[in-house]
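Since the structure comes first, as structure tokens, the remarks are kept for the end.
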Amino acid sequence: MSARIEPAARPYDEDMEVTLEKLMPPGVEPLLLFRTLARNPRVFRRFMAGGLLDKGSISLRDREIAIDRTCARCGGEYEWGVHIAFFGETVGFGADEIAATVAPGADAACWSEREKLIVRLVDQLHETSSVDDDLWAALKQEFSDEQLLEFIVLTGLYHMVSFVVNATRLPMEDYATRFPRATG
């Protein structure tokens, strides 16, 4: 299946070339997602302005649990696979954690109680667009208001990213991880 919108190709406008170069590790081509959004520079810049990949109020591991779970719940294999490839090892994800990001439920043995709350938060936001009082009370015992706001916005942003990659049918990056396939 090919992408529905052809990604921007070199030569990019000079300012776009500089921006895209800053987003990727040396020697790695800009993601298809970034090049697709670059077809509309205004949308691309607004998208990048709303990103939360900087050092925020939550740890890198917590952030990746939220992002990967969100993308998995949305069927956003493209973005999930890029994040697992770029950050999975860095945050200590082994095969169990990777599989747990896509598995039903929040009770995988690989997650700490704190991490299970993150998975439950993402799942509940995905399913209801809200958070019930019981989960909120449990989250407040573990996370600050600033952290909760970051998790909620992060989950929403990666719903949007999943919408983009799914609707435009972006093909997987060559190095991206694929969703684990169910066995049995």
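Listed values, structure above:
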read-out: Residues satisfying the stated conditions in the stretch 58-71, i.e. of a type outside the set (D, E, K, R) and crowded, with 16+ Cβ neighbours inside 10 Å; value: I58, I65, A66, I67, T70, C71
read-out: Residue tally, condition at pLDDT below 85 and either in contact with a Pro (Cβ under 8 Å, 6 or more places away or on another chain) or outside any loop (DSSP other than H, G, I, E, B) (or both), over the stretch 51-64; value: 0
read-out: Members of the stretch 159-184 found to be touching an Asp or Glu at 6+ places or on another chain (Cβ under 7 Å) and part of a helix (DSSP H, G or I), listed by number; value: V161, S162, V165
read-out: Selected residue (criterion: surrounded by the fewest Cβ atoms within 10 Å (Cβ to Cβ)) from residues of the stretch 93-125 that are of a type in the set (D, E, K, R) and part of a helix (DSSP H, G or I); value: E113
read-out: Inter-residue pairs, beta-carbon under 7 Å, first at positive phi and in the stretch 7-30, second surrounded by 12 or more Cβ atoms within 10 Å (Cβ to Cβ), 6+ apart; value: none
read-out: Among (1) within 19 Å of the chain's Cα centre (by Cα); (2) surrounded by 13 or more Cβ atoms within 10 Å (Cβ to Cβ); (3) among the hydrophobic types (A, V, I, L, M, F, W, C), the one test that A49 misses; value: (2)
read-out: Condition check for R35: assigned to a helix (DSSP H, G or I), closer than 25 Å to E77 by Cβ, in contact (Cβ under 8 Å) with a residue 24 or more places away in the chain and among the basic types (K, R); value: yes
read-out: Qualifying residue in the stretch 29-50 (condition: in contact with a His (Cβ under 9 Å, 6 or more places away or on another chain) and either within 14 Å of L154 (Cβ to Cβ) or modelled with pLDDT of 85 or more (or both)); value: no
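The values are calculated or read from the model by the stated rules, or taken from the named source; none is laboratory data. Small disclaimer: the values here were computed from a predicted structure and weren't measured. Positions of Cβ are generated from backbone atoms using ideal geometry, with glycine treated the same way; all protein chains shown enter the neighbour counts.
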